[in-house]
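Undergrad: Let me begin by handing over the structure; questions about it come next.
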Amino acid sequence: MRLKIFWSWKENWRSLEGLHRVLCFMKTPPAANHEKWGKGRGLGNWDPNGGKLAMIRKRYKNPASFSRTQGTVAASLGKSCHCPEDLKPSKDLEESSWRTQQAESKSEGTPMISYKVQVATGNFWGSGTFNSISITLVGSKGESPKQSLNNVGKDFLPGAVDEYEVSSDRDLGTLLLIRLHKEPYMFFPEDSWYCSFVQLITPQGETYRFPCYQWIEGHRTLELREGTGKLACEDAENPLLLRHRAEELKVRQGCYSWAEFAPGMPQCLAVENIEEMDTNVKFSFTKLSTFLLRSKLTKVEMKLKGFLGCRQSWKKLEDIRRVFWFNKTPISEYVADHWMDDAFFGYQYLNGVNPVVIQKCTEIPANFPVTQEMVATSLAEGSSLQQELQKGNIFLVDYKILQGIPTNTIEGQQQYMAVPLCLLYQTPSVDLMPIAIQLSQTPGPDSPIFLPTDPEWDWTLAKMWVRNADFHVHQNISHLLRTHLIAEVFAVATLRQLPMCHPVFKLLLPHLRYTLQINAFARVRLIMKGGMMDQATSAGYKGIVPIVGKGTQEMTYASLCLPDDIEARGVASVSNYYYRDDGLKIWAAIKSYVSNIVQFYYKNDERVESDPELQAWVLEIFKESFKNRKTSGAPSSLKTMAELTKFLTMVIFTCSAQHAAVNSGQYDFGAWIPNIPPSMRRPPPKVKGMVTLEDVLETIPPINTTCIALSSLWLLSNEAGDRRPLGYYPDEHFTEDEPKQFIKAFQVCLAEISEEINKRNKSLPLPYNYMNPPEIENSISI
């Protein structure tokens, strides 16, 4: 509560204006009494009738977009600051000085030129300010004196669009920059102010918009450029704007630097803890509070049920349903009912949480000696293994990347991990069925090939070992590495190499929202030593680092570009592959949107190749994500508009649709722990015919480990409020009409895709909704 900062202040009021700035007395709105309205105004975010506060200054109404929650967390409002005596009347002195200047100018007969200025404050908790705000206008013909922005009553309330008049004794010409000066006011402590934008109207009726959409913390001056997207070559004749670009990047590069979390992994943002992060990349208050509350509630529920302290094995599989009984979903219930079905096992490689590892098999691997006799009963009548290979109906999943990975010890008990190969067959009825499983990369008497014709629990446990291997590849490579970690590289490189006025910065910024903070959370709570992965998985911390390291060395540019990846894995003709079908549509929609933006700003290939900021950006990504590996196929420079379009499409797709595909279904498919066991307490079987249900229960995680894993999956699969679906851009970084039209066209295309997905899902026993545009977040924020 903001008024707390004054509770210890024992001095008398120095002016009624000071009282106004605290209690915000103004004309009382209808249906509000003085007591309630005064309290709400002091807090700056509550309407006495329970609605959102939409502050209107003069005759300007608050735009509808301001009612939405913004994307950063408020800085602390409780820090007190004793202002020196000579600073307390600074605002009054400043206004007096300005009036003197005006009087002198008028006495000399110089006509004053008046600019209308609108200043928008973010519409969320704590976004207003008690500090003094002044403005300086900078144009091609000069700049105005600094002028205080001060109306009667409280300025810069959350959601307000305040209007002022700023005078100049000369025509400033084309407006290039503005300077917002945030300074002490009387005895008020420094605070944080979220400015959404500033809009100016010249005496000639021209409108200039200056996007901000950031926190201004403490007492400082912030320079903002007019919002038109500009390449460096377009500023070549203007030293002022070139200086502004260079200084902006210099400041950012000092704020955002690189660090190594572990050898072999992509570089990350250099912060030791969340508190060190810039406020402008942190969660909003809404998102942070929801995220932390949900985390606490899951732990409280398990403690109440007595699960977290129980180290025993499950007595029977049905007991697992008692965990999170009120958090079940239709899909998690379907999984619990069908997890032993071979058709569902195969289905998950197409539409489960890790639909990116299956590939066409054209030849049986030498280290996986599957014979015709082994699989004859699993194939279509009259067919053979060789014939099905030639028809393209045989598929392979190979987890060789797990070879040599050290395993974890949990509460003194050794954990195990297999390195399996799994052969699948698409039947004439288009079901994808597992037909052979080997639990190691080395065939022999101690590594039998398990078949559907084996005893039930032999075959079931073999599939569970495959699912455990898939869990580790999914969590550490498909999810952590190929979405979270490389998205962090995209974010840091963008902040370090592209100024706000660069069109690529404007394009990408909504798709990098919250990524830096969620990754910092992951490093602190999830993947570090003692984190969830260390407490509940076979690999643990000491296994995560080499898995991600191997994945980084094997990661290719083509594997991140969906059309190329589908072709490389040979899965273009697999039936019922909804991840592929929906993903390709979304890829095409993003590509069309990006292509329009690229063509509008770059015009030709030469401007792409000669853009020094763009080239520095892509080179830094090549260095920090792909470790300078030319074998990755990733570009270290961009020469054409087509190359730039593809690269930007990959970035946006990775940060939005791809992350949704590998993240959103984690709880749905993992809540039933036998379906995707995160750890295994017994080694893989070396002989057939010995496995019982009791062996399965003694192999999967015990009760407390299960609960730790499920609480994490629940937390990571649910957006923690303040979400922005794909294509929703409430912050208007693009100010020109053409990009706004491109955005509308993109939104129309996404709506059409969503309609097609909804129509298809109505006929499916298990709907695939993870790549439905309204369900896709713009950025990696969970």
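Undergrad: Could you please tell me which pairs satisfy a Cβ distance under 6 Å, a separation of 6+ or placement on different chains, a first residue in region 568-587 that is more than 16 Å from TYR347 (Cα to Cα), and a second residue that is in a helix (DSSP H, G or I) and aromatic (Phe, Trp, Tyr)?
TA: Taking only residues 6 or more apart or on different chains, the pairs are TRP587/PHE653.
Undergrad: Right, next: When the residues of region 533-561 are narrowed to those that are modelled with pLDDT of 95 or more and touching a Lys or Arg at 6+ places or on another chain (Cβ under 8 Å), which ends up surrounded by the fewest Cβ atoms within 10 Å (Cβ to Cβ)?
TA: GLN553
Undergrad: If you don't mind, another one. Out of everything in region 641-685 that is outside any helix (DSSP H, G or I) and in contact with an Asp or Glu (Cβ under 8 Å, 6 or more places away or on another chain), what residue ends up being surrounded by the fewest Cβ atoms within 10 Å (Cβ to Cβ)? Don't jump to the end; show me each part of the working.
TA: In the first step, residues of region 641-685 are kept if they are outside any helix (DSSP H, G or I); the result is 664-665, 671-685.
Okay, now just the ones that are also in contact with an Asp or Glu (Cβ under 8 Å, 6 or more places away or on another chain), so 664, 676, 681-682, 685.
Numbers: SER664: 22, ILE676: 25, ARG681: 18, ARG682: 15, PRO685: 22.
Filtering region 641-685 for residues that are outside any helix (DSSP H, G or I) and in contact with an Asp or Glu (Cβ under 8 Å, 6 or more places away or on another chain), the one surrounded by the fewest Cβ atoms within 10 Å (Cβ to Cβ) comes out as ARG682.
Undergrad: What do you reckon, is LYS591 closer than 19 Å to THR654 by Cβ, among the basic types (Lys, Arg) and not in a loop (DSSP other than H, G, I, E, B)? Before you say what the answer is, go through the steps one by one.
TA: Working: closer than 19 Å to THR654 by Cβ: yes; among the basic types (Lys, Arg): yes; not in a loop (DSSP other than H, G, I, E, B): yes.
Spelling it out, LYS591 is indeed closer than 19 Å to THR654 by Cβ, among the basic types (Lys, Arg) and not in a loop (DSSP other than H, G, I, E, B).
Undergrad: Mind checking which residues of region 744-780 are of a type in the set (A, V, I, L, M) and touching a helix residue (DSSP H, G or I) at 6+ places or on another chain (Cβ under 9 Å)?
TA: ALA745, LEU750, ALA751, ILE753, ILE757, LEU764, LEU766, MET771, ILE776, ILE780
Undergrad: May I pose another question? Go through region 121-137 residue by residue and tally those that are over 16 Å from ASP191 (Cβ atoms), touching an Asp or Glu at 6+ places or on another chain (Cβ under 8 Å) and of a type in the set (A, V, I, L, M).
TA: Looking only at that region, the number is 1.
Undergrad: Go through (1) more than 27 Å from GLY229 (Cα to Cα); (2) of a type outside the set (Lys, Arg); (3) surrounded by fewer than 17 Cβ atoms within 10 Å (Cβ to Cβ) for GLY142 and report which single condition fails.
TA: With (1) more than 27 Å from GLY229 (Cα to Cα); (2) of a type outside the set (Lys, Arg); (3) surrounded by fewer than 17 Cβ atoms within 10 Å (Cβ to Cβ) applied to GLY142, the lone miss is (1).
Undergrad: Can you tell me which residue among LYS591, LYS623 is surrounded by fewer than 24 Cβ atoms within 10 Å (Cβ to Cβ), charged (D, E, K, R) and under 20 Å from the mean Cα position of the chain (by Cα)?
TA: Result: LYS591 is the single residue among LYS591, LYS623 that is surrounded by fewer than 24 Cβ atoms within 10 Å (Cβ to Cβ), charged (D, E, K, R) and under 20 Å from the mean Cα position of the chain (by Cα).
Undergrad: Within the bounds of region 707-719, is there any residue that is at pLDDT 95 or above and of a type outside the set (A, V, I, L, M, F, W, C)?
TA: No, region 707-719 contains no residue that is at pLDDT 95 or above and of a type outside the set (A, V, I, L, M, F, W, C).
Undergrad: Let me ask something additional. What tally of residues in region 249-269 results from selecting those that are assigned to a loop (DSSP other than H, G, I, E, B), under 18 Å from the mean Cα position of the chain (by Cα) and farther than 30 Å from ASN123 by Cα?
TA: The total comes to 2.
Undergrad: Considering region 361-381 alone, what residues qualify as being free of Cβ contacts under 8 Å to residues at least 60 places away in the same chain, more than 44 Å from the chain's Cα centre (by Cα) and either within 14 Å of GLN426 (Cα to Cα) or not in a loop (DSSP other than H, G, I, E, B) (or both)?
TA: Result: GLN372, GLU373, ALA376, ALA380, GLU381.
Undergrad: Within region 688-715, can you find the residues that are closer than 17 Å to MET417 by Cα, in a helix (DSSP H, G or I) and touching a helix residue (DSSP H, G or I) at 6+ places or on another chain (Cβ under 9 Å)?
TA: ASP695, VAL696, LEU697, THR699, THR705, THR706, ALA709
Undergrad: Identify the single condition in (1) assigned to a loop (DSSP other than H, G, I, E, B); (2) touching a helix residue (DSSP H, G or I) at 6+ places or on another chain (Cβ under 8 Å); (3) within 18 Å of ASN123 (Cβ to Cβ); (4) not hydrophobic (A, V, I, L, M, F, W, C) that SER196 does not satisfy, given that it satisfies every other one.
TA: (1)
Undergrad: OK, next. Mind listing whichever residues of region 382-409 are under 35 Å from the mean Cα position of the chain (by Cα) and over 23 Å from ASN354 (Cβ atoms)?
TA: THR409
Undergrad: Only one of these conditions is not met by THR207: (1) without any contact (Cβ under 8 Å) to a residue 12 or more places away in the chain; (2) farther than 17 Å from ALA120 by Cα. Which number is it?
TA: Unmet condition: (2).
Undergrad: Is there any pair with a first residue in region 633-644 that is over 23 Å from ALA568 (Cα atoms) and a second that is surrounded by fewer than 15 Cβ atoms within 10 Å (Cβ to Cβ) and charged (D, E, K, R) whose Cβ atoms are under 9 Å apart and which are 6 or more apart or on different chains, and what are they?
TA: Within 9 Å, the pairs are MET641/LYS603.
Undergrad: Before we move on, is SER754 without any contact (Cβ under 8 Å) to a residue 12 or more places away in the chain and either of a type in the set (Ser, Thr, Tyr) or not assigned by TED's automatic domain parsing to the domain that holds ARG322 (or both)?
TA: Values: without any contact (Cβ under 8 Å) to a residue 12 or more places away in the chain: no; either of a type in the set (Ser, Thr, Tyr) or not assigned by TED's automatic domain parsing to the domain that holds ARG322 (or both): yes.
In short, no.
Undergrad: Can you find a residue that is touching a strand residue (DSSP E or B) at 6+ places or on another chain (Cβ under 6 Å), assigned to a helix (DSSP H, G or I) and not β-branched (Val, Ile, Thr) anywhere in region 514-530? Break it down stepwise before answering.
TA: Here is the first cut: in region 514-530, the ones touching a strand residue (DSSP E or B) at 6+ places or on another chain (Cβ under 6 Å) are 516.
Still in the list and also assigned to a helix (DSSP H, G or I): 516.
With not β-branched (Val, Ile, Thr) added as a condition, the list becomes 516.
Yes; the residues of region 514-530 include at least one that is touching a strand residue (DSSP E or B) at 6+ places or on another chain (Cβ under 6 Å), assigned to a helix (DSSP H, G or I) and not β-branched (Val, Ile, Thr).
Undergrad: Same structure, new question: Can you spot a residue in region 325-335 that is assigned to a loop (DSSP other than H, G, I, E, B) and either surrounded by 20 or more Cβ atoms within 10 Å (Cβ to Cβ) or touching a helix residue (DSSP H, G or I) at 6+ places or on another chain (Cβ under 6 Å) (or both)?
TA: Looking for residues that are assigned to a loop (DSSP other than H, G, I, E, B) and either surrounded by 20 or more Cβ atoms within 10 Å (Cβ to Cβ) or touching a helix residue (DSSP H, G or I) at 6+ places or on another chain (Cβ under 6 Å) (or both), one finds at least one in region 325-335, hence yes.
The values are calculated or read from the model by the stated rules, or taken from the named source; none is laboratory data. Everything numeric in this text was worked out from a predicted model, so none of it was measured. So basically every Cβ, Gly included, is an ideal-geometry build from the backbone, and we count neighbours across all protein chains shown.
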